[in-house]
1. Can you list the residues of the stretch 16-45 with backbone N under 11 Å from a point 7 Å past the Cα of Val249, pointing along Cα to Cβ?
2. Using the Karplus curve 6.51 cos²θ - 1.76 cosθ + 1.60 with θ = phi - 60°, work out ³J(HN,Hα) for each residue of the stretch 184-195 in order, rounded to whole Hz, and write x for Gly and Pro.
3. Gap in Å between the Cα centre of the stretch 237-262 and the Cα centre of the stretch 29-44?
4. Just the number please: accessible area per residue for the stretch 143-265, 1.4 Å probe, all protein chains included, in Å².
5. Can you count the Lys pairs in the chain with C-alpha separation below 26 Å, eight or more apart or on different chains?
6. Label Thr83 and Glu44 with points 7 Å out from Cα along Cα→Cβ: what is the distance between them in nm?
7. Where the eigenvalues come from the Cα gyration tensor of the stretch 184-265, what are the semi-axes √(5λ) of the equivalent ellipsoid, largest first, in whole Å?
8. Sort 100-106, 155-161 for me by packing, meaning the mean count of neighbouring Cβ atoms within 10 Å per residue, highest on top.
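The values are calculated or read from the model by the stated rules, or taken from the named source; none is laboratory data. Here the structure is a predicted model, which is why all the values come from computation and not from measurement. Here the Cβ positions follow ideal geometry from the backbone for every residue, glycine too, while neighbour counts run over all protein chains shown. Side chains are part of the model used for accessible areas, which takes the heavy atoms of the whole protein and leaves out ligands, DNA and RNA. Shrake-Rupley method; radii C 1.70, N 1.55, O 1.52, S 1.80 Å.
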Amino acid sequence: MRLKIQHATEYRFDQPVSYGLQQLRKTPKTSPQQHIISWQTRIENGQKELSFDDHFHNTVELISFTRNATALSVISEGEVELTDTSGVIGPHRGPAPLWLFRRQTGLTQAKSGVRAFLRDVGADGGLEGLHDLASAIRSSVRYEIGASHPGWSAEDVLEAGAGVCQDHTHVFLSCARELGVPARYVSGYLMLDDRTVQDAMHAWAEAHVEGLGWVGFDISNGISPDARYVRVATGLDYGDASPVSGLRVGGDGELLDVRIDVAQQ
């Protein structure tokens, strides 16, 4: 399947930005399951300073703001060819070692809530057990836009019983790592069945299963990722895979508009 993607982010500010830098993680990964036919990033009122691959094999673009800019536009777009492998990504490839993905973070730290949830589910670290875990999370944490806070941990999500794809993914990572299974956060693009325009990227999890390697679990949709899923960035949690991070001086009164178009070619 071939998908055409455009990810446009536009900022407007009441006050000029005197200095600003952003790291972008919007470029899809090259892997046996997906081939990047073309990809580019266009910037208005800023410029690309450099591009590099981080230790999670994420393509990171560093952009700077034009001095005293009152707007910034970043458009990333291209075409990707995908193959359906039923969510199986395959063997681990460095440079980050496999054991690193057993490490909990501030967003995934397993405490009393996660441990009690695991005892109730009774899942193990095998493939079937991980599917059972994903199903249990989906049943216990209803999908509700606006119900959660971006900084919520897995414990916060389980206590609230509601969240979005980021929250589902953090709970899965916390539980899998508590079981001793390497697991990682994935951000990417998903072609929806009912529309092409979206306002946010999607998130899901991958766990390393003996004999298969990395396997994907989309907890929010209750399926294994297929040829509609474009893997962009991975990491220990959202912070490592966020599409945009950075800093700026000035630029009070920010207005942000995000538009993502994903369509089959």
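1. Answer for the stretch 16-45: 18-20.
2. Taking θ as phi minus 60°, the curve returns 9, 7, 10, 10, x, 10, 10, 7, 7, 7, 9, 6 Hz for the stretch 184-195.
3. Here the two parts' Cα centres lie 20 Å apart.
4. Using a 1.4 Å probe on heavy atoms only, each residue of the stretch 143-265 averages 39 Å².
5. Final tally of qualifying lysine pairs is 5.
6. Here the answer is 3.9 nm between the modelled labels.
7. Each semi-axis is √(5λ); the values are 27, 19, 9 Å.
8. So the order, starting with the most tightly packed, is 155-161, 100-106.
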